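See structure below.
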Amino acid sequence: MRGRAWVLGATAAAAGSTIVVEATIPPHAAYPWQALPAFDLVYGFLGCALIVVASKALGHAGVQKPESYYGDDE
Amino acid sequence: MTVHPALPLLLAAALQGVVRGRRRGPVALAGAFGALAAVAGLPGGAELHVSLLGSELRLVQADALARVFALVFAAVACLATLYALHVRSASEHAATLLYAGSSLGVVLAGDWLTLLLFWELMAVSSGVVVWHGSHRRTRAAGFRYVYVHLGSGALVLAGVLLLHAAGTSGLEAVPEGTARWLLLAGVAVNAAVPPMHAWLTDSYPEASVTGSVFLSAFTTKTAVYVMIRAFPGLELLVWAGVAMALYGVVYAVLENDIRRLLAYHIVSQVGYMVAGVGMGTALSLDGSAAHAFCHVLYKALLFMGAGAVLAATGRRKLTELGGIAPRMKVVVLLYMVGALSISGMPLFSGFVSKSMVVSAAAEGGRPVVEMLLLLASIGTFLHTGLKLPYFTFFGASGAVEVRPVPRNMLAAMGLGAALCTALGLAPGWLYARLPFGAAYEPYTVDHVVSALQLLLGTGVAFALLLPKLAGQTTVSVDTDWLYRRPLHRALALAVATAERGGATLERAGRTLLGGLAPLADNPHRVLERLARVFAGGGRAELRDAPYDPDRYRPPVGVTVLWVTAALGVTALLLG
């Protein structure tokens, strides 16, 4: 638990640091959404959640099969 | 004098049949380092030609693109051979050396015919590498691998023949036409473009611990090399690449086998390279070449890490692993260098190459492509940098026995990790060797901040979704289902039908022969009886007449007369 708290604290500190640095550098956005504060942080979080949820849904929709699915070949 | 860099590898492969036991590894390693020295010594623009059956083969045409691929191929051959130094099998060493040598032959070839020869040699030798796995699935997976690559080789052969018929032999952008589509289809199979990718995720995890390191390096990257040569700027490839990048990460979520998870990430990472080829700008093409260079090294390192786990524990599934980090600290550390490299962490190699392709998409006014490639990058960190190491090394501790990992395996991993870090710290060395001359600076503040935020956001989501990401004892149905289920069953049905038909024909033949056999007992008798029937003797007489063998036997005197006459005639003729 102590290790987990340490990792979460370090992650939060690093994320905060990047937001501060981002606010201090001249804007460099090719597209409007990239100018939003902490855009990549949010995109990373939501993107990760999307990948997990979509993949799991795909798995439950029939992609995942028992290990013996291919018989002796498996 | 130009020495073909494949030559030391081929010689070392041949020597495997001569040297015995512990000497095989060092001989193989000498061959790999010989190849690296030969590549390093290739002068810019070096050429090597030979004549074969009336055709001029350009075995070496060392321009910048060929040299950068040849350099990383030779380097990874050294790393992988060092990793396999303890292997005693002559055939496995010979196959891996032949595979590495033929891959060098492909990227150094100066014409399509030479490329094709090495391409086919690569397919056969890599199939033999797969067969050296010890898992019970290896044999069948190896056959599927070979069948798919024979098919892709046939497509490339057809394309090359059409190009030759049109008078084109040099390796340049292929003009519109049938040859282009045939070549593209054949090369796309080797690049593992979905839906033609399943050979990779099916076979690589079944190879030996050491063989899978070689497999991770060559086949898909030779295909990327050919794509850069033949199809730069083909728009179709942009979307094929994006689809690959996402396909691999989606399937990796569902994967329980650690080497299959890494194999899905080969599909994903090669997607960046294919997309870069499709964009066709100097930055994107250099990005594809640079990412291939970095990918070969960090993916080999990741497969070495997974192989070390397999060698130490005998286990390959997330559900069977966990809690082994305290007993495999060095492996964890070196694996994480590969994981951070593939994830695009600043200061590691993937960051300096992957960001080139993503930046090329941004500069090319392709926001959707850019965002989707970033999404795939999130998935890469999720699986390779978080899920796999967490559930393999740090997850719930089971009763997993951990044996020592051979030192040569750790040394190879150490060298691979050093190269991944060096490329991340000093990307200028790699950029100076890229063929299209794009100017690119990866370490701008916004690039670094963007990359770190992306990784941190992914890390937070991973921590929250951890229970959903644990391995499950399932297999994922992929496109290989088509030839492992319906096609397999159709073939089995065809074979069973043919067997039943053959048995029926055999029975009919026996019945017929059984009916005819009495007739063959004594043809004289049959003819006589037939004559009687036709002369009106009647069927009853034919059936009931007692058998008299003397009736059909000529007298001895007649036989003597015929023999005497024959001898007399012969004597007259010869006299």
Residues of region B:103-116 satisfying the condition of being assigned to a helix (DSSP H, G or I) and within 15 Å of B:V39 (Cβ to Cβ): B:S103, B:L104, B:G105, B:V106, B:V107, B:L108
Criterion: closer than 19 Å to B:S288 by Cα and either of a type outside the set (V, I, T) or modelled with pLDDT under 95 (or both) - qualifying residue of B:L415, B:L419: B:L419
Options B:G305, B:G395, B:G323, B:G364; residue that is in contact with a Leu (Cβ under 8 Å, 6 or more places away or on another chain), farther than 20 Å from B:A217 by Cβ and not basic (K, R): B:G395
Residue within region A:18-36 that is at pLDDT 90 or above and crowded, with 19+ Cβ neighbours inside 10 Å present: yes
Residue tally, condition crowded, with 24+ Cβ neighbours inside 10 Å and in a loop (DSSP other than H, G, I, E, B), over region B:134-148: 0
Any helices (runs of 4 or more DSSP H) falling wholly within region B:450-536 and containing at least 3 residues that are closer than 22 Å to B:A252 by Cα and under 33 Å from the mean Cα position of the chain (by Cα): B:481-484
Residues that are among the aromatic types (F, W, Y) and surrounded by fewer than 24 Cβ atoms within 10 Å (Cβ to Cβ), drawn from region B:76-132: B:F118, B:W131
Verdict on A:A15 being crowded, with 18+ Cβ neighbours inside 10 Å, in contact with a helix residue (DSSP H, G or I) (Cβ under 7 Å, 6 or more places away or on another chain), farther than 30 Å from B:R144 by Cβ and within 8 Å of another protein chain (Cβ to nearest Cβ): yes
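Here's the yes/no breakdown for (1) crowded, with 21+ Cβ neighbours inside 10 Å; (2) of a type outside the set (S, T, Y); (3) at pLDDT 95 or above; (4) assigned by TED's automatic domain parsing to the domain that holds B:L215:
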{"residue": "B:A158", "(1), (2), (3), (4)": "no, yes, yes, yes"}
{"residue": "B:L163", "(1), (2), (3), (4)": "yes, yes, no, yes"}
{"residue": "B:A166", "(1), (2), (3), (4)": "no, yes, no, yes"}
{"residue": "B:E172", "(1), (2), (3), (4)": "no, yes, no, yes"}
{"residue": "B:E176", "(1), (2), (3), (4)": "no, yes, no, yes"}
{"residue": "B:L182", "(1), (2), (3), (4)": "yes, yes, yes, yes"}
{"residue": "B:G186", "(1), (2), (3), (4)": "yes, yes, yes, yes"}
Qualifying residue in region B:366-374 (condition: assigned to a loop (DSSP other than H, G, I, E, B) and surrounded by fewer than 23 Cβ atoms within 10 Å (Cβ to Cβ)): yes
Residue match in region B:85-99 (condition: of a type in the set (D, E, K, R), over 30 Å from A:E67 (Cα atoms) and not in a helix (DSSP H, G or I)): yes
Per-region count, region B:291-316, residues surrounded by 18 or more Cβ atoms within 10 Å (Cβ to Cβ), of a type outside the set (A, V, I, L, M, F, W, C) and more than 30 Å from B:Y225 (Cβ to Cβ): 3
Residue in region B:9-27 that is on the phi > 0 side of the Ramachandran plot and either part of a helix (DSSP H, G or I) or under 25 Å from the mean Cα position of the chain (by Cα) (or both) present: yes
Checklist (1) over 17 Å from the mean Cα position of the chain (by Cα); (2) assigned to a helix (DSSP H, G or I) applied to A:H28, failing item: (2)
Among the residues listed as B:G344, B:G248, B:G338, B:G350, the single one being in contact (Cβ under 8 Å) with a residue 12 or more places away in the chain and outside any helix (DSSP H, G or I): B:G344
Selection status of B:S355, assigned to a helix (DSSP H, G or I), within 19 Å of B:L285 (Cβ to Cβ), within 12 Å of chain A (Cβ to nearest Cβ) and in contact (Cβ under 8 Å) with a residue 60 or more places away in the chain: no
Any pair with Cβ under 9 angstrom, 6 or more apart, that starts in region B:43-65 at a residue that is in a strand (DSSP E or B) and ends at one that is among the basic types (K, R) and surrounded by 12 or more Cβ atoms within 10 Å (Cβ to Cβ): B:E47/B:R58; B:L48/B:R58; B:H49/B:R58; B:V50/B:R58
So A:A10, is it at the interface with chain B (Cβ under 9 Å from one of its Cβ atoms), of a type outside the set (S, T, Y) and either within 17 Å of the chain's Cα centre (by Cα) or outside any helix (DSSP H, G or I) (or both): no
Verdict on B:V369 being at negative phi, in contact (Cβ under 8 Å) with a residue 60 or more places away in the chain and in the same structural domain as B:E255 (by TED's automatic domain parsing): yes
Region B:195-208, residues that are of a type in the set (A, V, I, L, M) and surrounded by 24 or more Cβ atoms within 10 Å (Cβ to Cβ): B:L200, B:A207
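The values are calculated or read from the model by the stated rules, or taken from the named source; none is laboratory data. This one's a predicted model, so the numbers in the text were calculated from it and none came from an experiment. Every residue, glycine as well, gets a Cβ built from its backbone with ideal geometry; the counts of neighbours run over all protein chains shown.
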